[in-house]
Amino acid sequence: MQNCSQRRNKRQVKIVLLIIGIFGILSMCGFLLQRAEKMFVRQKDAVRKEEPAEEPKVMADTERIVELDGNVYTYNHRIETWLFIGTDASGQEDAQGKDYRGSMADYLLLAILDKTDKTYAFLQINRDTIAEVTMLQTDGSGAASANLQICTAHWYGGSPQQSCENTVEAVSKLLGGVDIDGYYSLSMEDVPELNHAVGGVEVKIMGDFSKSEPSLREGEIVLLNDKQAYTYVCGRYHVGDETNVQRMERQKQYMEALFNKVHDTFRQNPKFLNLLYEQLEDKAVTDTKGRDVSRIISRMADGESRGIFKFEGKTRIGQRLGDGLDHVEFHPDQESLIETMKKLYHLEKTENTKDVKTAKESGE
């Protein structure tokens, strides 16, 4: 049976992941995190039935290995990587067995915490990125894979957890096999609830919404109501050039404004973040249990933000999904991908390709 301290720690961890997931694409404010830490430590009413707390992961002393474009790279910085997933409403995630179907991953964000340099950064991944996706069956079996839009990885599997794990695997493969420590998933349908919780978010409208939401006029400053917020963050078809690249810019803009609003609300009401967590507690899917919340908070509060990264590439139209319909494809530029990964993970190319790959395959 768990003691109160263990249950409280797990609740604190999920609050932190919620905050990072919502505001991950921003350079997080150290003041907010330091204040949040004090609030989390005071919480003593957490009652959750979960597995015993795990010990924090110990980073191996040996070099980590990444393989990109046929070349092998190593990195020895002590890094933690977390994947945050925002899903659409296309699936049947409440169903079980053969009736289960995962939703598409509309929003993919990687948080990279470098304990060696005491920095953190974020990588925003285009949902239409073509990547190797494992086509899991609903019973969790299957090893066949295909190069598809990376958002489809969440569609496969037999449970929300398997869909998330499959998405983690697809992202890891895209990035050359980089280790991902955990995931946190929330439906994009919860954007209106977030918007409502802060009394609306003000933005300068980017893109032409005349065909989908006439109340959103390009160039005007609007305090978004809940319906408008969902359209602005999630809408793509009949909006501007209809590409996910443009939508990613709107998501970044909205989340920055949301962060500022939450920051102001939190300063007025220190209990606000806890209340927000409680509203979304039963809607999130995560594999993170028993992490040391103070360790994560302190690292981001004391660390330096390196900003938001993304890959350059080309957008095309294709029919990879086999449904006879045209779908957008984003093909990342390999040089951009490699250079970005070098910056994020301090990759160094190794000439001992055979020895390194052998060690990787043997688990050494």
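Some notes on this structure:
- Residue among GLU67, GLU63, GLU80 that is at pLDDT below 90 and over 30 Å from TYR232 (Cα atoms): GLU63
To keep it simple, each residue is scored yes or no on (1) closer than 29 Å to ASP190 by Cβ; (2) open to solvent by 20 Å² or more (accessible area, probe 1.4 Å); (3) at pLDDT below 80.
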{"site": "GLU281", "(1), (2), (3)": "yes, yes, yes"}
{"site": "LYS289", "(1), (2), (3)": "yes, yes, yes"}
{"site": "ILE296", "(1), (2), (3)": "yes, no, yes"}
{"site": "GLY307", "(1), (2), (3)": "yes, no, no"}
{"site": "GLU312", "(1), (2), (3)": "no, yes, no"}
{"site": "HIS327", "(1), (2), (3)": "yes, yes, no"}
{"site": "GLN334", "(1), (2), (3)": "no, yes, no"}
{"site": "LEU344", "(1), (2), (3)": "yes, no, no"}
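- When segment 190-230 is filtered for residues that are in contact with a helix residue (DSSP H, G or I) (Cβ under 8 Å, 6 or more places away or on another chain) and part of a loop (DSSP other than H, G, I, E, B), the ones remaining, listed by number, are VAL198, GLY199, GLY200, ILE205, MET206, GLY207, PHE209, SER212, GLU213, SER215, LEU216, ASN225.
- A search for C-beta distances below 6 Å between a residue of segment 159-172 that is free of Cβ contacts under 8 Å to residues at least 12 places away in the same chain and any residue that is surrounded by fewer than 19 Cβ atoms within 10 Å (Cβ to Cβ) and among the charged types (D, E, K, R), counting only pairs 6+ apart in sequence or on different chains, returns nothing.
- The numbered conditions (1) in contact with a helix residue (DSSP H, G or I) (Cβ under 9 Å, 6 or more places away or on another chain); (2) farther than 15 Å from TRP82 by Cβ; (3) modelled with pLDDT under 95 are all true for SER187 except (1).
- Of the residues making up segment 123-173, those that are among the hydrophobic types (A, V, I, L, M, F, W, C) and open to solvent by 40 Å² or more (accessible area, probe 1.4 Å) are MET135, ALA143, ALA144, TRP155.
- The set of residues in segment 118-140 that are touching a residue at least 60 places away in the same chain (Cβ under 8 Å) and out of contact with any Lys or Arg (no Cβ under 8 Å at 6 or more places or on another chain) comprises PHE122, ARG127, ASP128, THR129.
- Where GLY157 falls short, out of the listed (1) more than 23 Å from HIS327 (Cβ to Cβ); (2) within 21 Å of the chain's Cα centre (by Cα); (3) at pLDDT below 95; (4) not in a helix (DSSP H, G or I): (1)
- Test: residue in segment 142-151 that is modelled with pLDDT of 90 or more, β-branched (Val, Ile, Thr) and not in a strand (DSSP E or B): yes
- Index of the failed condition, ILE180 passing every other in (1) open to solvent by less than 10 Å² (accessible area, probe 1.4 Å); (2) under 30 Å from LEU347 (Cα atoms); (3) at pLDDT below 95: (1)
- Candidate set: segment 112-122, residues that are among the charged types (D, E, K, R) and surrounded by fewer than 19 Cβ atoms within 10 Å (Cβ to Cβ); chosen: the one nearest to TYR184 (Cα to Cα): LYS115
- Unmet criterion (only one of (1) open to solvent by 80 Å² or more (accessible area, probe 1.4 Å); (2) in a helix (DSSP H, G or I)) for GLN251: (1)
- Restricting segment 183-220 to residues that are in contact with an Asp or Glu (Cβ under 7 Å, 6 or more places away or on another chain) and among the acidic types (Asp, Glu), the residue that is surrounded by the fewest Cβ atoms within 10 Å (Cβ to Cβ): GLU218
- Meets criteria (buried (at least 22 other Cβ atoms within 10 Å of the Cβ), at pLDDT below 95 and under 29 Å from LYS314 (Cα atoms)) for GLY102: yes
The values are calculated or read from the model by the stated rules, or taken from the named source; none is laboratory data. From a predicted model like this one, the values you see are computed outputs, not experimental measurements. All Cβ positions, even for glycine, are placed from backbone atoms using ideal geometry, and neighbour counts span all protein chains on display. With ligands, DNA and RNA removed, areas are computed over all heavy atoms of the protein, side chains included. Shrake-Rupley method; radii C 1.70, N 1.55, O 1.52, S 1.80 Å.
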